[in-house]
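What follows is a short report on a single structure.
The values are calculated or read from the model by the stated rules, or taken from the named source; none is laboratory data. Source: prediction; values computed, not measured. Cβ sites come from the backbone with ideal geometry, for glycine too, and all protein chains shown count toward neighbours.
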Amino acid sequence: MGFKIAVVGATGNVGREMLSILEERGFPADEVVAIASRRSQGTEASFGAKVLKVQALDNYDFSDTDICLMSAGGAVSKEWSPKIAAQGCVVIDNSSAWRYDAAVPLIVPEVNADAVSGFTKKNIIANPNCSTAQLVVALKPLHDRSRIRRVVVATYQSVSGAGKEAIDELFSQTRAVFVSDPIEVKKFTKRIAFNVIPHIDVFMEDGATKEEWKMMAETKKILDPKIKLVATCVRVPVFVSHAEAVSVEFEDPISAEEAREILREAPGCLVVDKHEDGGYVTPYETAGEDATYISRIREDPTVENGLLLWIVSDNLRKGAALNAVQIAELLVNRQLIAPKHQAALAAD
Ligand SMILES: NC(=O)c1ccc[n+]([C@@H]2O[C@H](COP(=O)([O-])OP(=O)(O)OC[C@H]3O[C@@H](n4cnc5c(N)ncnc54)[C@H](OP(=O)(O)O)[C@@H]3O)[C@@H](O)[C@H]2O)c1
């Protein structure tokens with residue numbers, strides 16, 4: 001007998017991807033339920049060849065649901081995750097609402113799978129920010145070889161990281177440029193079509209943005225609190241996939257060739273690094289893919305023990321939906337949860 005899974009935010013960018021990944025990977029679910037706001041109640045969501053009727057979150061009873069993949073933003077998660085968790089349903093949350101809570105594991109299965117067992121404290125597991133997920137997948141195998149001291153990263157983040165309205169905004173502004181219509185700015189602070197914006201999430205007191213702070217705080221929690229990290233996060237006019245230019249300083253020397261060899265063997269990583277025209281990966285090519293791609297691996301001659309990397313991954317998959325489904329698989333494969341209806345039958 002399989003599990004009963006609910007996807008909250010099933011009409012959104014990440015939720016839709018969660019449904020397709022659950023189906024693609026043959027997750028052992030007997031039943032999958034699509035949930036969104038009241039606005040979407042009764043609309044349809046695809047789950048492989050099946051069509052699911054979307055249900056409203058505020059009418060839904062989670063008492064017979066095993067896992068809730070939550071992808072409806074921080075405010076909804078803050079209110080609903082504890083209520084859902086209290087009904088014995090494990091919440092795997094995509095928002096930033098629980099990531100920094102010491103009683104909630106923040107998990108990237110390739111990096112810190114063992115920490116997942118801490119989920120029992122609150123019945124909630126957090127999924128990291130999209131830009132952090134792909135970064136730590138690539139850094140972890142290098143950190144295992146030589147401790148990382150410091151990371152400097154500049155991100156090139158696609159608009160899908162800001163939700164479905166952001167995708168529409170890039171599309172409509174691009175169209176408006178071509179037909180000479182006025183440009184409407186709603187979701188972003190400045191025009192995004194044919195532009196780049198060095199501002200993601202709110203500004204903090206020190207001048208960094210919250211997105212930049214998240215990358216630092218989450219890398220410490222997932223990988224190693226000793227790592228120093230500073231980020232500049234930039235929104236670019238790309239629909240899907242985030243790219244990152246990363247400079248890493250290690251305690252011990254590590255050559256570009258050795259890093260390439262390590263990353264070739266590392267879980268979740270794919271190295272595409274030929275020193276020729278097109279011998280690297282761009283965001284467009286990774287959309288719809290599961291791997292974290294690493295290109296442009298070079299030694300940095302300006303610091304001791306430095307390497308430079310170009311890291312690209314699909315933010316809706318490894319950055320969100322795939323990572324959440326992998327966490328659910330971890331719970332199942334390690335037998336950390338059992339289907340509720342199986343337990344109910346055994347008790348009969
Ligand atoms: N996009 C990424 O790369 C990425 C990466 C990591 C984490 N995340 C996080 O994942 C979450 C979802 O992101 P997204 O890009 O999928 O956003 P999105 O495309 O805007 O979708 C939002 C989803 O949340 C639902 N929702 C909104 N208010 C709700 C409510 N009151 N009750 C129930 N459902 C509600 C929406 O349902 P309706 O259609 O009914 O409004 C929709 O299904 C966010 O927390 C985001 O920070 C996103």
Is one or more of the residues making up the stretch 130-152 more than 16 Å from the ligand (Cβ to nearest atom), crowded, with 19+ Cβ neighbours inside 10 Å and assigned to a strand (DSSP E or B)? yes
On the basis of being within 13 Å of the ligand (Cβ to nearest atom), in contact (Cβ under 8 Å) with a residue 40 or more places away in the chain and either closer than 30 Å to PRO225 by Cβ or crowded, with 22+ Cβ neighbours inside 10 Å (or both), does GLY9 make the cut? yes
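Quick one: would you say VAL54 is touching a Ser or Thr at 6+ places or on another chain (Cβ under 9 Å), among the β-branched types (Val, Ile, Thr) and free of Cβ contacts under 8 Å to residues at least 60 places away in the same chain? Show your work before the answer.
Values: touching a Ser or Thr at 6+ places or on another chain (Cβ under 9 Å): yes; among the β-branched types (Val, Ile, Thr): yes; free of Cβ contacts under 8 Å to residues at least 60 places away in the same chain: yes.
Here the answer is yes, as VAL54 does meet what is asked.
Among the residues of the stretch 280-312, write down those that are of a type in the set (S, T, N, Q), out of contact with any Gly (no Cβ under 6 Å at 6 or more places or on another chain) and closer than 26 Å to ARG150 by Cβ.
Once the filter is applied, which keeps residues that are of a type in the set (S, T, N, Q), out of contact with any Gly (no Cβ under 6 Å at 6 or more places or on another chain) and closer than 26 Å to ARG150 by Cβ, the stretch 280-312 yields SER295, THR302, ASN305.
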Determine the pairs where a residue that is in contact (Cβ under 8 Å) with a residue 40 or more places away in the chain, located within the stretch 249-276, has a partner that is surrounded by fewer than 17 Cβ atoms within 10 Å (Cβ to Cβ) and among the β-branched types (Val, Ile, Thr) with Cβ atoms under 7 Å apart, the partner being 6 or more residues away or on another chain. GLU249/VAL303
If you take the residues of the stretch 90-118 that are within 12 Å of the ligand (Cβ to nearest atom), more than 18 Å from LEU336 (Cα to Cα) and in contact (Cβ under 8 Å) with a residue 40 or more places away in the chain, which of them is surrounded by the most Cβ atoms within 10 Å (Cβ to Cβ)? ASN94
Out of all the residues in the stretch 25-33, is one or more within 11 Å of the ligand (Cβ to nearest atom) and at pLDDT 95 or above? no
What residue, among those in the stretch 160-192 that are of a type in the set (Gly, Ala, Ser) and over 24 Å from the mean Cα position of the chain (by Cα), is nearest to the ligand (Cβ to nearest atom)? SER172
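Tell me yes or no: at least one residue of the stretch 119-128 is among the polar types (S, T, N, Q) and assigned to a loop (DSSP other than H, G, I, E, B).
So in the stretch 119-128, the residues among the polar types (S, T, N, Q) come out as 120, 123, 127.
From what is left, the residues that are assigned to a loop (DSSP other than H, G, I, E, B) are 123, 127.
Yes.
Name the residue that is surrounded by the fewest Cβ atoms within 10 Å (Cβ to Cβ), counting only residues in the stretch 35-89 that are small (Gly, Ala, Ser) and away from the ligand (no atom under 15 Å from the Cβ).
Looking only at the stretch 35-89, we keep the residues that are small (Gly, Ala, Ser), and these are 36-37, 40, 42, 45-46, 48-49, 56, 63, 71-75, 77, 81, 85-86, 88.
Imposing the further condition that a residue be away from the ligand (no atom under 15 Å from the Cβ) reduces the set to 48-49, 63, 85-86, 88.
Numbers: GLY48: 12, ALA49: 6, SER63: 10, ALA85: 20, ALA86: 12, GLY88: 15.
Filtering the stretch 35-89 for residues that are small (Gly, Ala, Ser) and away from the ligand (no atom under 15 Å from the Cβ), the one surrounded by the fewest Cβ atoms within 10 Å (Cβ to Cβ) comes out as ALA49.
Go through the stretch 102-141 and give me each residue that's of a type in the set (Gly, Ala, Ser) and in contact with a strand residue (DSSP E or B) (Cβ under 7 Å, 6 or more places away or on another chain). Even if it seems obvious, please write down each step before you answer.
Start the filter on the stretch 102-141 by keeping residues that are of a type in the set (Gly, Ala, Ser), which leaves 102-103, 113, 115, 117-118, 126, 131, 133, 138.
Hits for the stretch 102-141 are ALA126, SER131, ALA138.
Could you check the stretch 172-186 and list, in sequence order, the residues that are assigned to a loop (DSSP other than H, G, I, E, B) and small (Gly, Ala, Ser)?
Going through the stretch 172-186, the residues assigned to a loop (DSSP other than H, G, I, E, B) turn out to be 179-186.
Across the stretch 172-186, the qualifying residue is only SER180.
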Quick check, is GLU304 acidic (Asp, Glu) and touching an Asp or Glu at 6+ places or on another chain (Cβ under 8 Å)? yes
